[in-house]
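Undergrad: Take a look at this one; I'll ask things after.
The values are calculated or read from the model by the stated rules, or taken from the named source; none is laboratory data. Just so it is clear, the structure is predicted and the values come from calculations on it, not from any experiment. Here the Cβ positions follow ideal geometry from the backbone for every residue, glycine too, while neighbour counts run over all protein chains shown. For accessibility, only protein heavy atoms count, side chains too; no ligands or nucleic acids. Shrake-Rupley method; radii C 1.70, N 1.55, O 1.52, S 1.80 Å.
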Amino acid sequence: MGRYILKRLGISVAVIFLVSVISFTLVHMLPGDPAVLALGSEASEQDIATFREKYYLDRPIVEQYFIWISDTLRGDLGDSITYSRPVLTCLAERLPRTISIGLPALILSSIIGILCGIISAIRRGKFIDNLITFVSTIGLGAPQFWLGIVGIYIFGMTLGWLPLSGYVSPSENFGQYIYYGVMPILILSFSLLASVARQTRSNMLEVVNQDYIRTARANGLAEKSVIYKHALKNALIPVITTIGLQVRVVVGGSLMVEQVFNIAGIGTLIVSAINGRDYMVVQGCVFVISVFTVLVNFIIDLLYGFVDPRIRKSWR
């Protein structure tokens, strides 16, 4: 077990390092001078040179990366070129807004998606199965910005039930947070729910046809016990993987949802940083997202052993 954990930790660190190198290289390949974009085209050459020296933009890209990674390991993500303040401060303002929308969407989509997948599998070919499959197909194929616009038109403009845009922190007013957040949460969870439901359905259909399931039924076990105790447990491994891949939405946010509903989260922060060539903000956001995603995937790898005894046995 300890050897397995150390191996997964080593792989996780290597992935985070590669992501940081690739993202740092790509963002520096974008056309445009951050100094000119920040100071304006009317700035003097002396001001531009001073600006570039302040943010180490006059150094070779390899040296810039090692300066950034050494500061990051000390807990300093640098200063934003655009906002003239620490990147950690920018993240501390934006990240809670994204998490407060993404986390409920992930939980909602996971629970309802698994239930819909189970119902669809045990009622294969029935009306409810066709309905869930149809809705899941829409969820997977429809762009989130289109769903957001349709939701705003129906529930905001036509019925007047929900606000058109905006955001209120749950710590400020929880009731207003629900009022403003229900539509973006539902829109964000729709595509995630569809993915989980389809994955659960396909795996449940494969498992319920196994010999041990037929044996359990032949021995007189209740259908609920067969489905939820035996079939579902073995069908959950690919579903857990699917949910783990969606965790990036919690911290990375959905740019389209944030744009449509005017939520100043981390998704809009990354876009504005890319447009302004704010290298430090882009790197800080990518680093936080990659660390969070890799950490969650590492935890999911450990959960596999508790779900599937065969994996747990391979650790020994």
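Undergrad: Can you name the residue in the stretch 1-34 that is within 19 Å of G284 (Cβ to Cβ) and free of Cβ contacts under 8 Å to residues at least 24 places away in the same chain and, of all such residues, is surrounded by the fewest Cβ atoms within 10 Å (Cβ to Cβ)?
TA: Filtering the stretch 1-34 for residues that are within 19 Å of G284 (Cβ to Cβ) and free of Cβ contacts under 8 Å to residues at least 24 places away in the same chain, the one surrounded by the fewest Cβ atoms within 10 Å (Cβ to Cβ) comes out as M29.
Undergrad: Every residue in the stretch 148-172 that is of a type in the set (A, V, I, L, M, F, W, C), free of Cβ contacts under 8 Å to residues at least 12 places away in the same chain and in a loop (DSSP other than H, G, I, E, B), please.
TA: Matches in the stretch 148-172: L159, W161.
Undergrad: Hey, can you tell me all the residues within the stretch 111-141 that are within 30 Å of G175 (Cβ to Cβ) and small (G, A, S)?
TA: Once the filter is applied, which keeps residues that are within 30 Å of G175 (Cβ to Cβ) and small (G, A, S), the stretch 111-141 yields G113, G139.
Undergrad: When only residues in the stretch 44-62 that are assigned to a helix (DSSP H, G or I) and within 31 Å of the chain's Cα centre (by Cα) count, which is surrounded by the most Cβ atoms within 10 Å (Cβ to Cβ)? Let's see the steps before the verdict.
TA: Step one: filter the stretch 44-62 for residues assigned to a helix (DSSP H, G or I), giving 45-54, 61-62.
In the following step, the residues that additionally are within 31 Å of the chain's Cα centre (by Cα) were identified as 61-62.
Numbers: I61: 12, V62: 10.
Among them, the one singled out is I61.
Undergrad: For V249, indicate whether it is part of a helix (DSSP H, G or I) and open to solvent by 30 Å² or more (accessible area, probe 1.4 Å).
TA: For V249, the condition - part of a helix (DSSP H, G or I) and open to solvent by 30 Å² or more (accessible area, probe 1.4 Å) - is not met.
Undergrad: When the residues of the stretch 194-227 are narrowed to those that are among the small types (G, A, S) and in a helix (DSSP H, G or I), which ends up most open to solvent (accessible area, probe 1.4 Å)?
TA: First, pick out the residues of the stretch 194-227 that are among the small types (G, A, S): 194-195, 197, 202, 216, 218, 220, 222, 225.
If we keep only those that are in a helix (DSSP H, G or I) as well, we get 194-195, 197, 202, 216, 218, 225.
Working: A194: 2, S195: 30, A197: 3, S202: 59, A216: 11, A218: 86, S225: 37 Å².
Selected residue: A218.
Undergrad: Can you say whether V207 is within 21 Å of L303 (Cα to Cα) and modelled with pLDDT of 85 or more, as far as the supplied structure shows?
TA: no
Undergrad: Going by what's in this entry, would A264 be described as hydrophobic (A, V, I, L, M, F, W, C), in contact (Cβ under 8 Å) with a residue 60 or more places away in the chain and surrounded by fewer than 17 Cβ atoms within 10 Å (Cβ to Cβ)?
TA: In short, yes.
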